[in-house]
Each structure stands twice: as structure tokens, then as C-alpha cells.
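One structure is given below, encoded as C-alpha cells.
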Amino acid sequence: IKKQQQDVLGFLEANKIEFEEKDIAANEENRKWMRENVPEDSRPASGNPLPPRLFNDSRYLGDYEAFFEARENNAVYAFLGLTAPPGSKVRVYIAHSKQ
């Protein structure tokens with residue numbers, strides 16, 4: 001999980017995409033927010049969704065596998081819902097765990 005989180009954060013930082021991290025390990029409100037905003041069909045069969053999960057505001061974008069596939073297909077900006085050029089002020093949330 002840690003490596004996947006670092007991969008996503010590294011990409012966003014390198015491409016100057018503004019984002020906000022929501023630490024779900026240390027904050028119950030963030031954990032609740034993530035659970036409520038991950039669609040039913042994107043949740044695991046048992047247990048809770050694991051980070052990293054990506055959102056554009058409260059719109060669920062996907063998990064690490066979806067992000068990785070979009071990056072490999074050079075479609076990460078479309079995946080993130082970015083219509084403006086890279087570096088513009090678009091708020092992307094990453095639900096993750098710092099532990």
C-alpha cells in the first residue's frame with residue numbers, strides 16, 4: 001500500500017497537479033468519508049476498501065490499479081477528470097494511510 005501511495009503522490013507532484021491527502025489511519029472522519037464515497041461496486045467482497053483511492057472532489061475515480069492502467073495508457077489526466085492543462089488548480093483527493 002505504501003509503495004502504491006508513493007507512486008500516486010510522486011506522479012501528482014512531478015506533474016504539478018494540486019491535491020489534498022486524506023489520512024484514513026489517523027482520522028475517523030476521513031475513513032468514514034472514503035467508505036461513503038467509494039461506490040458499492042468498487043468495494044471489496046469483504047472488509048473495507050483499502051487505500052490508495054482517488055477522488056475528484058467527492059467523485060470516485062478509482063483505486064491504484066485504475067490509476068496505474070490510466071498512466072500506462074497515457075490517459076491519467078482524463079482518469080483524474082482534468083480538463084485544464086497540467087498544473088491548473090484542480091482538487092484531487094487521495095484517501096490513504098500514513099501508517
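The values are calculated or read from the model by the stated rules, or taken from the named source; none is laboratory data. Quick caveat, the model's predicted, so the values are computed rather than measured. Neighbour counts are summed over all protein chains in view; Cβ atoms, including those assigned to glycine, are modelled from backbone coordinates with ideal geometry. In case anyone asks, the SASA skips ligands and DNA or RNA and just uses the protein heavy atoms, side chains included. Shrake-Rupley method; radii C 1.70, N 1.55, O 1.52, S 1.80 Å.
Can you tell me which residue among ARG43, ARG53 is of a type in the set (D, E, K, R), surrounded by 15 or more Cβ atoms within 10 Å (Cβ to Cβ) and at pLDDT 90 or above?
Going through ARG43, ARG53 in turn, just one is of a type in the set (D, E, K, R), surrounded by 15 or more Cβ atoms within 10 Å (Cβ to Cβ) and at pLDDT 90 or above: ARG53.
Just need a number here: residues in region 1-30 that are over 23 Å from LEU82 (Cβ atoms), open to solvent by less than 70 Å² (accessible area, probe 1.4 Å) and without any contact (Cβ under 8 Å) to a residue 24 or more places away in the chain.
The number of residues fulfilling the criteria is 1.
Just to check your reading of the model, which residue among PHE67, PHE79 is assigned to a helix (DSSP H, G or I), open to solvent by 30 Å² or more (accessible area, probe 1.4 Å) and touching a helix residue (DSSP H, G or I) at 6+ places or on another chain (Cβ under 7 Å)?
Going through PHE67, PHE79 in turn, the sole match is PHE79.
Could we say that LYS22 is part of a strand (DSSP E or B), at pLDDT below 95 and basic (Lys, Arg) here?
Against the criterion (part of a strand (DSSP E or B), at pLDDT below 95 and basic (Lys, Arg)), LYS22 qualifies.
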